[in-house]
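See below for the structure under consideration.
The values are calculated or read from the model by the stated rules, or taken from the named source; none is laboratory data. For clarity, every value in this text was computed on a predicted model and none was experimentally measured. Every residue, glycine as well, gets a Cβ built from its backbone with ideal geometry; the counts of neighbours run over all protein chains shown.
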Amino acid sequence: MLIRTLPLALALASTSALAQQAEADAQTYLDRIAALDDAGPELNAVISVNPDAPAEAREAEAAGTLLAGRTVLVKDNIETRELPTTAGSLALADNNTGRDAPMIANLRASGGVVLGKTNLSEWANIRDDNSTSGWSGVGGLVRNPHATDRNACGSSSGSGAAVAAGLAWAAIGTETNGSITCPASINGIVGFKPSVGLVSRRHVVPISSTQDTAGPMTRTVADAALLVTALAGEDEQDSATVGVPRRENYHTGLGDFSLEGVRIGVMRNQVGNRNDLKAVFNAALADLEAAGAELVDIEFEVNNEMFSNSFTVLMFELRDEMGKYLASLPAEDAPRSLADLIAFNEANAAAEMRWFGQSLFEQAEETTDREAYEAAREAGVRIAGAETLDMLMAENNVAFLVSPTRGPAWTTDLVNGDNFNGSVGFGSPAAIAGYPHLTVPMGAIEDLPVGISFFGAKWADFDVLQLGAAYERVRSAELPEPDFQPWSPQEQQAD
């Protein structure tokens, strides 16, 4: 097959190699996108590309900046000046604002190069409650490079699939609740959801000012730390970023962290109901313990009021924040409100609503009680933060919490929608409270990747990255590489 003839080793080279030949590598990535995304297995992970990326990489490398011309794919709900920002919707197909989101301006200033835009679950998976992750009206369906008939999860599905397939050095995803960490886990890569406020959200198609953040999706924890250093920064027009305890960088000193004596709380009730996943997770825990970590089993049932409060927040803020974003668009004929988007979908139902509707859009349009919203926001953040994450770490005298991220990828089904295993994972408290969450590959089930999640206190982003890098160094599991084929059972090895 064509994919076998391409220089995969070069495309997945170390960051030092990339820095030495940025222009050539940018072109290699563009060639891989043409061969693997537009043709071959047709991953549909990339919506658009920047043909000037090789020349820009050459200039950035020559400037001697932090990223030195490394190429980054950007989720297509984040504005970049050279490409449209569609959020996957035909309603924004021509939304070329000519603006850089502040995080993209920071990326360029650090020598990063925008290689293109990645596909996503349309509107970051907030349009309907029966959607299929990874599908958008603009980009079609993202395919998982490890099993092309299985889901890439969402909403940063294209970013996860693209990094796993070696289509860029790194990608940027966004998360409201699970949208970086789930696709990272299922595609077998590193995903980091930073503390809300570390990275500006301005000029990003929004869901929630309380929970939204962007973050890196990469092959290694070191690369994630390097990219978040480039993206992070204060933005006076995003109040969540102002005055936060932000580090100058998040990538130096990762190797200085020792697991010896580090107390880590194991969220046993969130390990899930799959024995095969438990076995992979227990092997990862054994690696941590062998390196000196002290593991503390924690039995805890989440207060479900947190979820209902968060849902109220998302519905209220979606209508409010989407209206503000749409009103800022320079095109005279752009939609200006959530109501305009609902009307567009109704008028273009054959293209936009063949497989699922817009029940969440419609519910958000009717969620207007500000007093109820403010009460829900206070309660949700408090329960998820102070009464869950902070309490668990304090009462158990642990510095971090750990759980599996998700189970393996499920078979994609556009007719019936997603098939999540809700018994696995502990990501929602960190998402709702705005705390850091890092997922790192820990192995596979039937050649399908699964990840391990590390959680820490608010603003403990560097500590969580250090822990993830330390686990990476001691990990004993063999990680699968994408084969760009539909999934099929492999013969079991004899004992």
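Within the set of pairs 6 or more residues apart or between chains, which connect a residue that is in contact (Cβ under 8 Å) with a residue 24 or more places away in the chain inside segment 170-186 to a residue that is among the small types (G, A, S) and surrounded by fewer than 24 Cβ atoms within 10 Å (Cβ to Cβ) with Cβ atoms less than 7 Å apart?
From segment 170-186, the pairs are N177/S428.
All but one of (1) farther than 15 Å from I452 by Cβ; (2) surrounded by 13 or more Cβ atoms within 10 Å (Cβ to Cβ) hold for D297; which doesn't?
Unmet for D297, out of (1) farther than 15 Å from I452 by Cβ; (2) surrounded by 13 or more Cβ atoms within 10 Å (Cβ to Cβ): (2).
Considering only segment 238-262, state which residues are part of a loop (DSSP other than H, G, I, E, B) and more than 22 Å from L67 (Cβ to Cβ). Let's see the steps before the verdict.
In the first step, residues of segment 238-262 are kept if they are part of a loop (DSSP other than H, G, I, E, B); the result is 238, 242-253, 257-262.
Listed by number, the residues that qualify are D238, V242, G243, V244, P245, F257, S258, L259, E260, G261, V262.
Going by the conditions given, is V262 under 18 Å from M393 (Cα atoms) and either of a type outside the set (A, V, I, L, M) or surrounded by fewer than 18 Cβ atoms within 10 Å (Cβ to Cβ) (or both)?
Values: under 18 Å from M393 (Cα atoms): yes; either of a type outside the set (A, V, I, L, M) or surrounded by fewer than 18 Cβ atoms within 10 Å (Cβ to Cβ) (or both): no.
Answer is no for this residue.
Out of segment 108-131, which residues are more than 18 Å from L92 (Cα to Cα) and buried (at least 24 other Cβ atoms within 10 Å of the Cβ)?
G112, V113, V114, L115, S131
To keep it simple, each residue is scored yes or no on (1) within 20 Å of L465 (Cα to Cα); (2) among the β-branched types (V, I, T); (3) in contact (Cβ under 8 Å) with a residue 60 or more places away in the chain.
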| position | (1), (2), (3) |
| --- | --- |
| Q270 | no, no, yes |
| R274 | no, no, yes |
| E294 | yes, no, no |
| E301 | no, no, no |
| R319 | no, no, no |
| L326 | no, no, no |
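Just the residues that are part of a loop (DSSP other than H, G, I, E, B) and either buried (at least 20 other Cβ atoms within 10 Å of the Cβ) or of a type in the set (S, T, N, Q) (or both), please, taken from segment 222-237. Step through it out loud before you land on a result.
Quick first cut of segment 222-237, residues part of a loop (DSSP other than H, G, I, E, B) only: 232-237.
Correct list: A232, D235, Q237.
Sort out which residues of segment 190-216 are touching a strand residue (DSSP E or B) at 6+ places or on another chain (Cβ under 6 Å), under 17 Å from L314 (Cα atoms) and not in a strand (DSSP E or B), and write them in order of number.
Once the filter is applied, which keeps residues that are touching a strand residue (DSSP E or B) at 6+ places or on another chain (Cβ under 6 Å), under 17 Å from L314 (Cα atoms) and not in a strand (DSSP E or B), segment 190-216 yields only V196.
With A162, A168 as the choices, which residue is within 28 Å of I445 (Cβ to Cβ) and in a helix (DSSP H, G or I)? Talk me through it step by step, then tell me what you get.
Numbers: A168 fails: in a helix (DSSP H, G or I).
Selected residue: A162, the only one of A162, A168 that is within 28 Å of I445 (Cβ to Cβ) and in a helix (DSSP H, G or I).
In this structure, is A283 surrounded by fewer than 18 Cβ atoms within 10 Å (Cβ to Cβ) and either touching a helix residue (DSSP H, G or I) at 6+ places or on another chain (Cβ under 7 Å) or at pLDDT below 95 (or both)? Reasoning before the result, please.
Details: surrounded by fewer than 18 Cβ atoms within 10 Å (Cβ to Cβ): yes; either touching a helix residue (DSSP H, G or I) at 6+ places or on another chain (Cβ under 7 Å) or at pLDDT below 95 (or both): no.
For A283, the condition - surrounded by fewer than 18 Cβ atoms within 10 Å (Cβ to Cβ) and either touching a helix residue (DSSP H, G or I) at 6+ places or on another chain (Cβ under 7 Å) or at pLDDT below 95 (or both) - is not met.
Please specify each residue of segment 397-421 satisfying the condition of being more than 30 Å from A240 (Cα to Cα) and surrounded by fewer than 22 Cβ atoms within 10 Å (Cβ to Cβ). So that I can check it myself, show each step before the final result.
Filtering segment 397-421 down to residues more than 30 Å from A240 (Cα to Cα) leaves 407-421.
Once the filter is applied, which keeps residues that are more than 30 Å from A240 (Cα to Cα) and surrounded by fewer than 22 Cβ atoms within 10 Å (Cβ to Cβ), segment 397-421 yields W410, T411, D413, L414, V415, N416, G417, D418, N419, F420, N421.
Can you tell me which of (1) closer than 28 Å to S200 by Cα; (2) within 21 Å of the chain's Cα centre (by Cα); (3) buried (at least 21 other Cβ atoms within 10 Å of the Cβ) is the one S428 doesn't meet?
All conditions are met except number (3).
I'm checking my understanding of the structure. Among residues of segment 349-368 that are of a type outside the set (S, T, Y) and loosely packed, with under 13 Cβ neighbours inside 10 Å, which one is nearest to S428 (Cα to Cα)? Give the derivation first.
Kept after step one, since they are of a type outside the set (S, T, Y), are these residues of segment 349-368: 349-358, 360-366.
When the remaining residues are screened for being loosely packed, with under 13 Cβ neighbours inside 10 Å, the result is 349-351, 354, 366.
Working: A349: 32, A350: 34, A351: 32, R354: 30, E366: 25 Å.
Looking at residues that are of a type outside the set (S, T, Y) and loosely packed, with under 13 Cβ neighbours inside 10 Å, I get E366.
Under 6 Å by Cβ, and 6 or more places apart or on different chains, what pairs join a residue from segment 146-158 that is part of a loop (DSSP other than H, G, I, E, B) with one that is of a type in the set (D, E, K, R) and crowded, with 24+ Cβ neighbours inside 10 Å?
That search, which allows pairs on different chains as well, returns S156/K75.
Any chance you could count how many residues in segment 465-479 are assigned to a helix (DSSP H, G or I), surrounded by 15 or more Cβ atoms within 10 Å (Cβ to Cβ) and not aromatic (F, W, Y)? Before you say what the answer is, go through the steps one by one.
Keep residues of segment 465-479 that are assigned to a helix (DSSP H, G or I), which gives 465-474.
Those still in the list that are surrounded by 15 or more Cβ atoms within 10 Å (Cβ to Cβ) too: 465-472, 474.
Narrowing the set further to residues that are not aromatic (F, W, Y) leaves 465-470, 472, 474.
Residues meeting the conditions: 8.
In this structure, does R377 turn out to be charged (D, E, K, R) and surrounded by 24 or more Cβ atoms within 10 Å (Cβ to Cβ)?
Working: charged (D, E, K, R): yes; surrounded by 24 or more Cβ atoms within 10 Å (Cβ to Cβ): no.
The answer is no for R377.
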